[in-house]
Amino acid sequence: MNIQSKSGSFMQVNIQFLRFLAAMSIVIYHAAPHYLAAGGADNSVLHFIRLTFYGGVDVFFVISGYIMWVSTRNSSGLQDSAIFLYRRATRIYFGYWPYLLLLLLVLFFYDSGVDNKTDVTGSIFLTQHKHEKLLLPVSWSLTYELYFYVFFALLLLFPKSASVKLLGVILTLSIITIFMVWCIDIEVLRKNFRWVLKASRFYLSPYIAEFISGCLLALYCERRGKINLWLCAAAFSGFVGAAVFYQVNKVSGADSLLDYPHARVVFFGPAAILLVAIFSEAERRGFVPFAKASLLLGGASYSLYLSHTIWLNLFFLAGLRPAGGEAAYTPAFFFVSAVLLILAYSIWHYRYIESPLMKFSRRIIGKLENK
């Protein structure tokens, strides 16, 4: 079941719901430390969250590649390429800049200065991919989104058959780089293959493999490729289980894969691809359980992703996060209330700020197309 939007494009409803689930997993991941700081007890559930829920970003990357291919199946040439780039860039910036402004207001109100290491220009225009140098750290993923949008816009200049071959070449180079950086000692690479490290940090980043995999998955589904739901579900569980096992037994610290994206993508990349395949195939078979809610929540997922760390920190700065010594249920109450409030605000922001801004951007491109 595909629902057609007013603009004539098709919205994959289950994929929209998966976008919401991915965003919510990241919200929960970042809310968990606040739960502990509020006096909540650590347990196996929280440990599992710390080991896996940040993988929601990997799901976002695969979905992005998937949607890009689906939404441009009939597009090619210079004009279509330019229109695609304009729409995707305005989608990113018009959704991001209001939250950057909100963050600056919060910093000003609480008299919190900007760290000297912060790349302000890179934070505004999303040209900085290192989260520790960004005003809004979660925006690091948007830099990769923009990079791949430019890459994909260039692909639209070629026939589809050539685009598929180019995607295959870049995916192969990215995968080779992933295993080179993962398997070879970093110091050896620094001394002998500095170009590999430099390219792998961004241009051949492992995250690019996730984008391209999303494109190729969409192509596979477009050609009516067979997808076994049970087999995909079992494989997804296997990759997630392997990620947990690897972190617990092979590297130190619960968040170690966050510092090793090449190892991270080996586990969470395939898991994300399988998850997108499951949700897409379920819709192709007519299983769309929450159509209206999926479109609303999926639409609000970008706002949910960008807003949650701002609000969590604002709750702390305003003294709304409890500390130890409260009733046993207080940390859990704070955790649930905070997540629900962030979700409610994100939906409101999507409907009354983000959507009007996107309508404005569409009017601009409409006028330019009619000239």
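The values are calculated or read from the model by the stated rules, or taken from the named source; none is laboratory data. Note that the coordinates shown come from a computational prediction; the quantities given were computed from them, not determined experimentally. Glycine gets a Cβ as well: all are built from the backbone with ideal geometry, and neighbour counts include every protein chain shown. Side chains are part of the model used for accessible areas, which takes the heavy atoms of the whole protein and leaves out ligands, DNA and RNA. Shrake-Rupley method; radii C 1.70, N 1.55, O 1.52, S 1.80 Å.
List of remarks:
- Pairwise FRET efficiency - SER44 versus GLN79, Cβ, R0 = 56 Å, nearest 0.05: 0.55
- In the chain, the calculated helix contribution to ellipticity at 222 nm averages -24000 deg cm²/dmol per residue, counting -39,500 (n - 2.57) for every DSSP H run with n ≥ 4.
- Placing R0 at 41 angstrom, the Cβ-Cβ distance between TYR110 and TYR220 gives a FRET efficiency of 0.25 after rounding to 0.05.
- Normalised per residue, the accessible area of the chain is 51 Å², obtained with a 1.4 Å probe and no contribution from ligands, DNA or RNA.
- Kirkwood-type radius of the chain, with distances r between different C-alpha atoms, in Å: 21.9
- The charge dipole of the chain, taken about the Cα centre with unit charges on the Cβ atoms of Lys, Arg (+1) and Asp, Glu (-1), comes to about 1280 debye, rounded to the nearest 20.
- Here the Kirkwood formula puts the hydrodynamic radius of the range 91-162 at 13.6 Å, using every distinct Cα pair.
- Once all protein chains are placed together, ASP80 keeps about 50 Å² accessible to a 1.4 angstrom probe.
- Ranked order, TYR302, TYR260 - accessible area, probe 1.4 Å, largest first: TYR260, TYR302
- Accessible carbon and sulfur surface of the chain relative to its total accessible area, %, 1.4 Å: 65
- Residue of VAL248, VAL240, VAL276 that the Gaussian network model of the chain assigns the largest fluctuation, springs spanning Cα pairs under 10 Å: VAL248
- Compared with the direct C-alpha span, the chain from PHE290 to PHE202 gains 28.0 nm at full extension, assuming 0.36 nm per residue.
- On full extension, the segment bounded by ARG351 and LEU36 gains 110.1 nm, given 0.36 nm per residue less the C-alpha separation.
- With every protein chain in place and a 1.4 angstrom probe, the accessible-area ranking of TYR66, TYR220, TYR350, largest first, reads TYR220, TYR350, TYR66.
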